[in-house]
Amino acid sequence: MLKKFLLPYAYLFRSALRTGTSGLYVWCAFTGMIAASKAFPPIFVAIESLIAMLAIALAVYAYNDILDIKLDKISAEIGQSHYINRPLVTGEASKLEAKIFVLAQTLVGLSIGFFINLQFLFLLVLYLALGITYSTPPIHFKQRFLLKQLVISTGFAISTLAGGAAVGAVGSIHLIYVAALFFAITFGFLPLTDLRDIYGDEKMGRKTFPIVLGPKATIKISFATTVALLLVSVLSYSWLGFNFAFLILMFAICLALSLSIFKVSKNLNNSNFIENMLNRVLQPIFLALQVSILIGLVPL
């Protein structure tokens, strides 16, 4: 009986980790923590703050799913794999269960944040507020051109700063650099995710980069972001005290990003191919980017 009661929440948790960006926000918080503490954060504070960040990220993701049920079902009906297995689409979880999940995760995240410090708690609340306004009418940033990208990119920057705040070093130059870097990268690459959702976004009246500027312009923006990332890395790594391994890793990452974007540009009408590229290639590359920053801080 208990297992049957808990299953919908397990499905919601699994879906948020598999198909959402919740894990990436947690990685950003971890990277920010490492950057701010110069690779040696207090272990218990690190664990507690990452659990809090994950809980809030899961709450935001599930909340967005609740408001997007209609769009997700449309996308699933036309065969977009990103939406077919979502619990609210398959019926494995109800809207009420999803709301309970959101409330529970929010309480867990904010309660832990309260006992860490007020700066960390403030950033969690700010992240949560952005996540709510992102999906909630009439503000509904998700529907607005440029603002969608700005809100999500800001979310990545906030989660990075939250990691630094957890260890009491929110003013660290390395932390600020990493937060700004993640903001710029997310802003440049986020529109690629909208390439898979053009049909559904058009049905809902959303103004995404691929709809307003066109798929080809969206690809060019991502390519330009890759070039800018490499140039910034070359010009700033020594000044910020990163080691030479960081520069080598960044070159490899930018090369992998360029190849991935090129493949996407050749399959613009294949949403499932784009989905596979995002999950199997681009997300791991984003994680590799974070790892390269951690390695770059190690004295060699």
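Annotations
- When residues of the stretch 83-99 are limited to those that are surrounded by fewer than 17 Cβ atoms within 10 Å (Cβ to Cβ) and either charged (D, E, K, R) or at pLDDT 95 or above (or both), the one farthest from Val170 (Cα to Cα): Lys95
- Some residue of the stretch 272-293 being more than 19 Å from the chain's Cα centre (by Cα) and under 30 Å from Lys73 (Cα atoms): yes
- Here the condition is being within 24 Å of Lys148 (Cα to Cα) and out of contact with any Lys or Arg (no Cβ under 8 Å at 6 or more places or on another chain); of Ser292, Ser222, Ser236, it holds for Ser222 alone.
- The requirement of being in contact with a Phe, Trp or Tyr (Cβ under 7 Å, 6 or more places away or on another chain), at pLDDT below 80, in a helix (DSSP H, G or I) and over 22 Å from Leu124 (Cα atoms) is fulfilled somewhere in the stretch 62-75, by at least one residue.
- Residue in the stretch 238-246 that is touching a helix residue (DSSP H, G or I) at 6+ places or on another chain (Cβ under 7 Å) and part of a helix (DSSP H, G or I) present: yes
- Residue tally, condition within 21 Å of Phe189 (Cβ to Cβ) and either of a type in the set (Ser, Thr, Tyr) or surrounded by fewer than 20 Cβ atoms within 10 Å (Cβ to Cβ) (or both), over the stretch 202-214: 6
- Filtering Phe246, Phe223, Phe286 for residues that are of a type in the set (Phe, Trp, Tyr) and modelled with pLDDT under 80 leaves a single hit, Phe286.
Conditions tested, residue by residue: (1) part of a helix (DSSP H, G or I); (2) touching a Leu at 6+ places or on another chain (Cβ under 7 Å); (3) of a type in the set (Asp, Glu).
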{"residue": "Ala252", "(1), (2), (3)": "yes, no, no"}
{"residue": "Leu255", "(1), (2), (3)": "yes, no, no"}
{"residue": "Leu259", "(1), (2), (3)": "yes, no, no"}
{"residue": "Phe262", "(1), (2), (3)": "yes, no, no"}
{"residue": "Asn267", "(1), (2), (3)": "no, no, no"}
{"residue": "Ile274", "(1), (2), (3)": "yes, yes, no"}
{"residue": "Asn279", "(1), (2), (3)": "yes, no, no"}
{"residue": "Gln290", "(1), (2), (3)": "yes, no, no"}
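The values are calculated or read from the model by the stated rules, or taken from the named source; none is laboratory data. Remember, predicted model here, so these are calculated numbers, not experimental data. Ideal geometry is used to build each Cβ from the backbone, glycine not excepted, and the neighbour counts take in all protein chains shown.
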